[in-house]
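The values are calculated or read from the model by the stated rules, or taken from the named source; none is laboratory data. Remember, predicted model here, so these are calculated numbers, not experimental data. Ideal geometry is used to build each Cβ from the backbone, glycine not excepted, and the neighbour counts take in all protein chains shown.
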Amino acid sequence: MLDEVERWLTRRSWSAADRPLDRLTAAKRCTKVSVVLPALNEEATVGEIVAAIRRDLMEAVPLVDELVVIDSGSTDRTAEVAAAAGARVVHRDTILPRIPALPGKGEVLWRSLLATSGEIVCFVDADLKDFSTDFVSGIVGPLLTEPDVHFVKAMYDRPLGAEFRSPASPAASPPLPSGTGQGGRVTELVARPLLNLHWPQLAGFVQPLGGEYAVRRSLLERLPFPVGYGVELGLLVDALHMVGLDALAQVDVGSRRHRHQDGLALGRMAAAIYRTAQLRLSRGHLVRPELTQFERGPDGFVPRTFPVDTEERPPMREVAEYQARRAA
């Protein structure tokens with residue numbers, strides 16, 4: 001298995017610089033590319049991301065055809081800021097209103113397939129700071145130039161503090177601590193051990209939980225979507241089983257900075273990811289799908305129990321509204 005992973009790393013790991021924009025636009029031809037930003041209260045960062053994609057990949061070069069922000073119930077100015085920067089903003093609840101929306105990022109990504117039309121769909125988190133459009137062009141690139149690649153994830157350093165390596169000039173940036181997981185604590189403590197133990201073919205992915213990845217619609221519409229934090233791991237594992245390791249790839253886009261969550265939130269995320277893996281290992285295996293955590297109160301530690309999001313949406317091609325749109 002180690003030899004297989006090493007061969008895959010040689011064949012299916014690239015840098016964003018390997019495919020310049022002129023090569024990508026020449027290879028694009030009639031392929032439509034949609035970029036989706038799932039957003040919940042991201043007014044501080046979403047505008048900069050949208051403006052950069054419009055400027056560099058829609059106006060300077062015609063790489064991205066559709067730029068959509070899916071607002072999942074923001075109470076700040078996320079929708080207003082995104083629209084002013086040039087995105088089409090769609091509220092989650094207006095997509096497929098027949099099915100009441102569930103909370104969670106995976107829910108938004110699943111519904112985005114009905115709000116977009118590109119043959120390639122690129123997901124980008126809306127909380128990124130110091131955003132580089134390499135995050136988009138880098139992961140879309142292999143899908144335009146390699147016909148047998150179907151799913152591409154971004155890989156990057158994730159500094160926990162102030163350290164940051166610019167993909168444009170890494171030599172001029174402060175040095176990073178060793179390793180890539182300083183800001184990817186759930187990846188290193190939960191996802192990477194799970195993948196290495198149960199799906200060792202996926203051991204070569206540097207950032208298996210990263211929110212930046214591009215996928216052919218023909219694959220996405222056949223995959224179930226965990227509605228919550230487990231969506232990235234679920235899609236990766238299911239894609240492996242559906243199209244095989246050689247159809248998966250990753251691209252180095254430099255460094256990723258974003259808003260970090262506190263330890264309690266990370267615990268809930270870890271539980272959801274573990275449960276997503278567990279469902280894939282043994283459907284029907286009954287366990288307690290809840291997580292109890294503790295916070296100190298005036299009289300000592302107080303337990304708080306949270307449900308672990310285990311809901312999943314079916315493959316989009318099984319949804320009647322999506323079938324009708326495809327037929328039309």
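Miscellaneous remarks
- Test result for Val302, on the phi < 0 side of the Ramachandran plot, modelled with pLDDT under 95, in contact with an Asp or Glu (Cβ under 8 Å, 6 or more places away or on another chain) and crowded, with 17+ Cβ neighbours inside 10 Å: no
- Any hit, segment 244-252, residues being modelled with pLDDT under 95 and over 15 Å from the mean Cα position of the chain (by Cα): no
- Selected residue (criterion: surrounded by the fewest Cβ atoms within 10 Å (Cβ to Cβ)) from residues of segment 22-52 that are in a helix (DSSP H, G or I) and in contact with a helix residue (DSSP H, G or I) (Cβ under 6 Å, 6 or more places away or on another chain): Ala27
- On the stretch given as segment 241-272, residues that are without any contact (Cβ under 8 Å) to a residue 60 or more places away in the chain and either at positive phi or surrounded by fewer than 18 Cβ atoms within 10 Å (Cβ to Cβ) (or both) total 9.
Results for (1) in contact with a Leu (Cβ under 8 Å, 6 or more places away or on another chain); (2) at pLDDT below 90, shown as yes or no for each residue.
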| position | (1), (2) |
| --- | --- |
| Gln261 | no, yes |
| Ala272 | no, no |
| Gln278 | no, yes |
| Leu281 | no, yes |
| Leu286 | no, yes |
| Pro289 | no, yes |
| Gln293 | yes, yes |
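- Selection from segment 129-165 of residues that are at pLDDT below 95 and out of contact with any Ser or Thr (no Cβ under 9 Å at 6 or more places or on another chain): Leu160, Gly161, Ala162
- Here Leu57 meets the list (1) without any contact (Cβ under 8 Å) to a residue 12 or more places away in the chain; (2) in a helix (DSSP H, G or I) almost entirely, failing just condition (1).
- When segment 54-64 is filtered for residues that are closer than 18 Å to Glu119 by Cα and either among the aliphatic types (A, V, I, L, M) or under 19 Å from the mean Cα position of the chain (by Cα) (or both), the ones remaining, listed by number, are Leu57, Met58, Leu63, Val64.
- If you go through segment 4-47 and pick out every residue that is under 16 Å from Asp134 (Cα atoms) and among the small types (Gly, Ala, Ser), you end up with 5.
Condition check ((1) touching a residue at least 12 places away in the same chain (Cβ under 8 Å); (2) within 29 Å of Phe306 (Cβ to Cβ); (3) not in a strand (DSSP E or B)) across all residues:
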{"position": "Val64", "(1), (2), (3)": "yes, no, yes"}
{"position": "Gly73", "(1), (2), (3)": "yes, yes, yes"}
{"position": "Ala84", "(1), (2), (3)": "yes, no, yes"}
{"position": "Pro100", "(1), (2), (3)": "no, yes, yes"}
{"position": "Glu107", "(1), (2), (3)": "yes, yes, yes"}
{"position": "Trp110", "(1), (2), (3)": "yes, yes, yes"}
{"position": "Leu144", "(1), (2), (3)": "yes, no, yes"}
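- Restricting Leu223, Leu176 to residues that are part of a loop (DSSP other than H, G, I, E, B) and at pLDDT 95 or above narrows the list to Leu223.
- Arg222 being within 19 Å of Ser34 (Cα to Cα) and either touching a Pro at 6+ places or on another chain (Cβ under 6 Å) or crowded, with 19+ Cβ neighbours inside 10 Å (or both): yes
- Exactly one residue out of Ser218, Ser255, Ser282 is within 22 Å of Glu146 (Cα to Cα) and of a type in the set (S, T, N, Q): that is Ser218.
- Residue within segment 199-210 that is small (Gly, Ala, Ser), modelled with pLDDT of 90 or more and either assigned to a loop (DSSP other than H, G, I, E, B) or over 21 Å from Val152 (Cβ atoms) (or both) present: yes
- Which listed residue, of Glu212, Glu221, is touching a Phe, Trp or Tyr at 6+ places or on another chain (Cβ under 6 Å), of a type outside the set (A, V, I, L, M, F, W, C), closer than 21 Å to Arg111 by Cβ and in contact (Cβ under 8 Å) with a residue 60 or more places away in the chain: Glu212
- Residue count for segment 116-131, restricted to those that are surrounded by fewer than 21 Cβ atoms within 10 Å (Cβ to Cβ) and within 17 Å of Gln250 (Cβ to Cβ): 0
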